[in-house]
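Here is the structure we will look at, set down as structure tokens.
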Amino acid sequence: MSARKGLFSKVGKTKIIPLGLKILLIFISIILLSNFATNFLSIQLSKKQIINLNNTIMVEQLKELYTNASNQFQIYNYSDDKEGSVEALKKVAESGFSNKNSIAIGVMPDGKIPFAASANMFAHWYEFYDTEKLEQLNADLAADIKEGSITFQNKDGEYFGVYKYQADWGYYLIRAEKRSDLDANTKNVYLYTLLIIIILTIAFVVIGFLIINHEFRPVKTITHDLYEMQQHKQLELIDLSHAKNDDITYLAASFNSLSSSVNNLLGTFQKFVPKDVVAKAYTDQGIGLEGSQRELAMLFSDIKSFTYRTETLGNDIIDVLNVHYNKVIHNVHENAGVVGSIIGDAILAVYGTLDSRRSKSYNAIQAAWDITRSTAELRQTMSMRRKEVEKKRKLTESEEKIFLAVSLDVGVGIDGGNVFYGNIGSNEHMANTVIGDNVNSASRLEGLTRIYHLPVIVSAYIMDEVMQETTRFKFFEIDTVQVKGKTQGKKIYFPFDTNEMDNTLLEKYETYEKGLQAYYDGDWKTARKEFKKSELDELTQVFMERMGNKGAPEGWNGIWTMTTK
């Protein structure tokens, strides 16, 4: 236990002398002298350069630009060639540019930029983004203040300069420089300052080294022990038998305590994390651009009617998404999956990269139903809140839309197979990703959930793998479709969870399969009869619309070609 009384701390009965106090007393005069000298020199050397630069930008170039703008306006009135006048104005402005981000722009009171010249060929000025500064300019103009200095923010950084209202063109002429360019222009000044600082620092370091070296001899022993731990990648205890009773020793003692705790936690952590991941982290000390072909299962989940929800909720959709993803990502992780990517309202999860007692396809289906149930629980919660409000009053039209928008519903598509899994990008930025036709297929299967009004649709690959493992899920064939961009039909399935769904619903799907078989055989009369008998109206609606009152067309093969993705 440690206790503090006055300036010093105690561990038990041992008083800990603050090492910082020793260093402070030794170097306080040197630090003050160094700071005073370097700051004074830096200010004096930089002051003249900054003043000259600002005067040049704020006075001479804007004056010339303003005069030329008036002349070009007269030319424009005579020639009616507005574009030519603006181009001439740009050339005058560009001739005065001295830095790589120098700009001259004309800003309308509403923020639009009809005239812009920039030394940076990649810069594009279409709108004045600093609305607060624009409001100030307009307020000053109303008070008959038409010129002055200006500092404003753009997407690529801060700018400073001068402005003057050009009454002929009806906009503010602004001549400005990027703040970072000013820093570059003062580089020479800082180099001179740096040279002086280096000379002074060398002198101070020599003096300080001689003093500190005596006081810090015990640190060498501690540093050696820490280095050995780093080499062996194993936390151990530091030998403190010959250490002094100062802050460094106290820090080492705290490290020993932490080392014991971390070793215990690490032992527990390694029981839950795959050994190859731990070994790779220890061996490589980093992650590189690498990947391989692997057999994986991909789950794609998307929020239905997201455009309507975004239009209704505006920026509040972010809060709704965070609540939704908090549940979804938990469901993914709980079923041994990893999040591949989150794209707005859609999430791609990957299964098969982590060790699990269940197959990747089983975990993916289990996660799909967990996601569906979590979303249903959220809708139920919102429904209960709605009922509480309706007990007191009737909902307004706006409230009706909001309740509908926050009552999220999702579709989930799952496919699997051989894909590339690994890191792509560059050494500066990389991302873990999964690439392959099966990834796109999972997305298309999710899209089919909207057509067939089913929460989850999987491929034959997923069905085959799960059926080899368990009888919990009964797979009902839904259709054979040829999605856009493909030349062959693909059977799609609904994974019926026998542990969660009742037998009445099971019988309905069995009746539906009879209708589907008749549909495949071209006996559409029997198909319509069985579909109606199944009472799965939302699901069978798509087939009823396909068949109408007609019979199967000539050469019917049971494959329905989709015209959209």
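The values are calculated or read from the model by the stated rules, or taken from the named source; none is laboratory data. Remember, it's a predicted structure, so these values are computed and weren't measured experimentally. Here Cβ is always computed from backbone atoms with ideal geometry, including for glycine, and neighbour counts include all displayed protein chains. Side chains are part of the model used for accessible areas, which takes the heavy atoms of the whole protein and leaves out ligands, DNA and RNA. Shrake-Rupley method; radii C 1.70, N 1.55, O 1.52, S 1.80 Å.
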Taking only protein heavy atoms and a 1.4 Å probe, what accessible area per residue, in Å², does the range 72-141 have with all protein chains in place?
59
What net charge do the residues around ASN154 carry, taking every other residue with its C-beta under 11 Å from that of ASN154, with Lys and Arg at +1 and Asp and Glu at -1?
0
Subtracting the Cα-Cα distance from 0.36 nm times the residue separation, let me have the gained length for ARG450 to ASP464 in nm, one decimal.
2.6 nm
Rounded to the nearest 0.05, what FRET efficiency do LYS533 and GLU428 have when you use their Cβ-Cβ distance and R0 = 56 Å?
0.35
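Ignoring ligands, DNA and RNA, what percent of the 1.4 Å accessible area of the range 384-453 is carbon and sulfur? Intermediate values should be presented prior to the final figure.
Numbers: 2010 of 3910 Å².
Here it works out to 51 percent.
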In Å², and per residue, what accessible area does the range 412-565 have when probed at 1.4 Å with the other protein chains present?
52
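Taking 8 Å as the Cα distance limit and 6 or more residues as the minimum spacing, I'd like the relative contact order of the range 425-565 as a percentage.
Details: 173 pairs, mean separation 33.7, N = 141.
Computed over the range 425-565, the figure is 24 percent.
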Amide H neighbours of GLN166 under 5 Å, counting only residues 5+ apart in sequence or on other chains, H built in-plane at 1.01 Å?
TYR171, TYR172, LEU173
Measuring from label point to label point, each 7 Å out along Cα→Cβ, what is the GLN293 to ASN503 span in nm?
4.8
Considering only protein heavy atoms and a probe of 1.4 Å, how much of the accessible area of the range 285-373 is carbon and sulfur, as a whole percent?
50
Label-point separation in nm, ASP183 to ASP110, each point 7 Å along Cα→Cβ
3.7
Rounded to the nearest 10 Å², the 1.4 Å probe accessible area of GLU290 is 90
Counting other Cβ atoms within 10 Å of each Cβ, which trypsin sites (Lys or Arg not before Pro) in the range 441-499 have at most 13 and sit in a DSSP loop?
LYS484
Keeping all protein chains in the complex and leaving out DNA, RNA and ligands, what accessible area do you get for ASP156 with a 1.4 Å probe, in Å² to the nearest 10?
70
Taking 2.2 N^0.38 Å as the expected size of a compact globular protein, what ratio does the Cα radius of gyration of the range 418-565 give against it, to two decimals?
1.22
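Report the net charge of residues surrounding GLY340, where surrounding means a beta-carbon distance below 15 angstrom and charges are Lys +1, Arg +1, Asp -1, Glu -1.
On the way: positive: ARG294, LYS360; negative: ASP302, ASP415, GLU446.
Local charge sum for GLY340: -1.
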Starting from the range 373-404, pick out the trypsin sites (Lys or Arg not before Pro) whose DSSP state is loop and whose Cβ has at most 12 other Cβ atoms within 10 Å.
ARG393, LYS394
Take LYS392, project a point 7 Å from its Cα along the Cβ direction, then tell me which residues of the range 297-325 have their backbone nitrogen under 13 Å from it.
none
Return the sequence-ordered ³J(HN,Hα) values of the range 453-463 in whole Hz as given by the Karplus equation 6.51 cos²θ - 1.76 cosθ + 1.60 applied to θ = phi - 60°, using x for Gly and Pro.
6, 10, x, 9, 10, 10, 8, 5, 4, 5, 4
Label-to-label distance, nm, for residues given as SER98 and SER79 (7 Å Cα→Cβ offset):
3.0
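Set the bar at 27 Å for Cα to Cα. Now go through LYS82/LYS155; LYS474/LYS533; LYS304/LYS490; LYS112/LYS155; LYS146/LYS178; LYS360/LYS533 and name every pair that lies beyond it.
LYS82/LYS155; LYS360/LYS533
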How charged is the neighbourhood of SER359? Take every other residue with its Cβ under 13 Å from the Cβ of SER359, and add Lys/Arg as +1 and Asp/Glu as -1.
-1
Between ASP523 and SER305, what's the calculated FRET efficiency when r is the beta-carbon distance and R0 is 35 Å? Round to 0.05.
0.45
For the range 347-399 and the range 67-116, write down the distance between their C-alpha centroids in whole Å.
57
The range 335-408: chymotrypsin sites (Phe, Trp or Tyr not before Pro) in DSSP loop, at most 10 other beta carbons within 10 Å:
none
